[in-house]
Amino acid sequence: MASTTSERPRTEQRFRTPSWWATVREAIDRPLTAYYLLLGASGLLLTIGLIMVLSASSVYAFKMTGNSYSIVEKQLMWVAIGLPVAFIASRIPRVWLRRLTWPMLIVAMLLLAATQTPLGVRVNGNTNWLALGPIQIQPSEVAKLAVVLWAAHMYAKKDKRLHNWHPILMPVVPGVLAVAGLIVMQHDLGTALVIFAILIGMLWAIGAPGRLFGFALALIGVVALYLANSNSERQQRLFNFIDPFKDYQDAGWQPAHGLYALSTGGLFGQGIGASQQKWGDLPEAHTDFIFAVLGEELGLVGTLLVLALFLTIAYAAIRVATHTKDAFVRYATFGIIIWLIGQMMVNVGMVLAVLPVIGIPLPLISYGGSALLPSLAALGILIGFARSEPEAARALAARKRRRTAGLSAPTSRRP
């Protein structure tokens, strides 16, 4: 009996939770964890993006303008505009954000339609750019954010009736299909597929029936194959991405050199600025294929760090979505994460040659203000959702009170 009593503490100690894991769990369970994770991961991705745009674009920029810093200077300008946009988005009251969803969708559709006028600019076979004076914008990037917020608003209004087919389908599905149709008219199949992915993700978030998913996926697959086969360039990309070396001098050139870049990076990379593929062999090195340059210069460690930061954003956002009681916050959060993380997966898949090259940029990393500003606005909205959680709001208010009390406390004077 005595021996059993003496062995019990040892048994309890053997199965006791390690102190470091308890510390991690305690840190994760804090009210402001999601808020700080979103801030930190977004800031790090934006910083890595600026460094990689500088490195990946230096040769191309010098060749085109005689200034190696011309492209990164433009990206810095967009970041300087985007950060205040993200801050404002994080502070917009939820009521006003929902009121803006219809105007945002209408403006996005008007901009998409305007690309079919003389204001439209054709780039790489797609008429998906719009010339507005001295600047050019890509309306489809604005449409992604507009679609997410509008769909979340409409589904939140019908939250109690989403067990019926009509509230699930109307008006979200026709509205999203109309946006996707305008994008298809620009010959931009890649962005149209992202819009379809957002729709599928929103249907999953609201708990739509499984047979609806099957029908939607089958319909999207048929339409995508038809559109891909209607264009010779898309057809080449579709059938050659699995083995880019089969058509190395033509359709396989870009994915093949992307694989070259990743394979020469090794574990720790060649070092920042030491990429060889950016010297003209890798097209779109600072935009769609910047992940290849990142892998070449920062190696496997750098690529895994970027993926881990995206997953951190996804974890924090899912935590916000699962903790909130507001249906709009839940649906908008899921929609934003499906958009950003899905686009990241497609971009990485293109570089790894497991998906066709469809011209999708890497969020926060690739060059381009049209993609950067909506992404920062979306992350600002997520940060606003995280800081407005009841427990997080109380923690921030308590911290502000302590800070104010510390500043107002009288200072003691020595006699």
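The values are calculated or read from the model by the stated rules, or taken from the named source; none is laboratory data. All values reported here derive from a predicted model rather than from experimental measurement. Reconstructed Cβ throughout: ideal geometry from the backbone, glycine too, with neighbour counts over all protein chains shown.
For the range 274-289, indicate whether the set of residues that are touching a Lys or Arg at 6+ places or on another chain (Cβ under 9 Å), acidic (Asp, Glu) and modelled with pLDDT of 80 or more is non-empty. Checked the range 274-289: no residue is touching a Lys or Arg at 6+ places or on another chain (Cβ under 9 Å), acidic (Asp, Glu) and modelled with pLDDT of 80 or more. Please determine whether any residue of the range 111-132 is out of contact with any Phe, Trp or Tyr (no Cβ under 8 Å at 6 or more places or on another chain), within 30 Å of residue 327 (Cα to Cα), assigned to a helix (DSSP H, G or I) and touching a residue at least 60 places away in the same chain (Cβ under 8 Å). Yes, there is a match, as at least one residue in the range 111-132 is out of contact with any Phe, Trp or Tyr (no Cβ under 8 Å at 6 or more places or on another chain), within 30 Å of residue 327 (Cα to Cα), assigned to a helix (DSSP H, G or I) and touching a residue at least 60 places away in the same chain (Cβ under 8 Å). Within the range 266-317, being within 14 Å of the chain's Cα centre (by Cα) and not in a helix (DSSP H, G or I) holds for one residue alone: 288.
Could you tell me which of the residues 377, 371, 353 is assigned by TED's automatic domain parsing to the domain that holds residue 254, modelled with pLDDT of 75 or more and part of a loop (DSSP other than H, G, I, E, B)? Step through it out loud before you land on a result.
Details: 377 fails: part of a loop (DSSP other than H, G, I, E, B); 371 fails: part of a loop (DSSP other than H, G, I, E, B).
On inspection, the qualifying residue turns out to be 353.
Looking only at the range 79-94, count every residue that is without any contact (Cβ under 8 Å) to a residue 60 or more places away in the chain and either not assigned by TED's automatic domain parsing to the domain that holds residue 366 or not in a helix (DSSP H, G or I) (or both) and tell me the total.
Matching residues across the range 79-94 total 1.
Which one of these is modelled with pLDDT of 90 or more, surrounded by 21 or more Cβ atoms within 10 Å (Cβ to Cβ) and farther than 30 Å from residue 223 by Cα: 151, 86?
Of 151, 86, the one residue that is modelled with pLDDT of 90 or more, surrounded by 21 or more Cβ atoms within 10 Å (Cβ to Cβ) and farther than 30 Å from residue 223 by Cα is 86.
Among the residues of the range 382-389, none qualifies, meaning not one is crowded, with 24+ Cβ neighbours inside 10 Å, in contact (Cβ under 8 Å) with a residue 12 or more places away in the chain and within 28 Å of residue 57 (Cα to Cα).
Assess whether residue 226 counts as being over 25 Å from the mean Cα position of the chain (by Cα) and at pLDDT below 75. Spell out how you get there, then give the answer.
Values: over 25 Å from the mean Cα position of the chain (by Cα): yes; at pLDDT below 75: yes.
Spelling it out, residue 226 is indeed over 25 Å from the mean Cα position of the chain (by Cα) and at pLDDT below 75.
Identify all residues within the range 53-111 that are in contact with a Gly (Cβ under 9 Å, 6 or more places away or on another chain) and basic (Lys, Arg); write none if there are none. Of everything in the range 53-111, those that are in contact with a Gly (Cβ under 9 Å, 6 or more places away or on another chain) and basic (Lys, Arg) turn out to be 63, 74, 91, 94.
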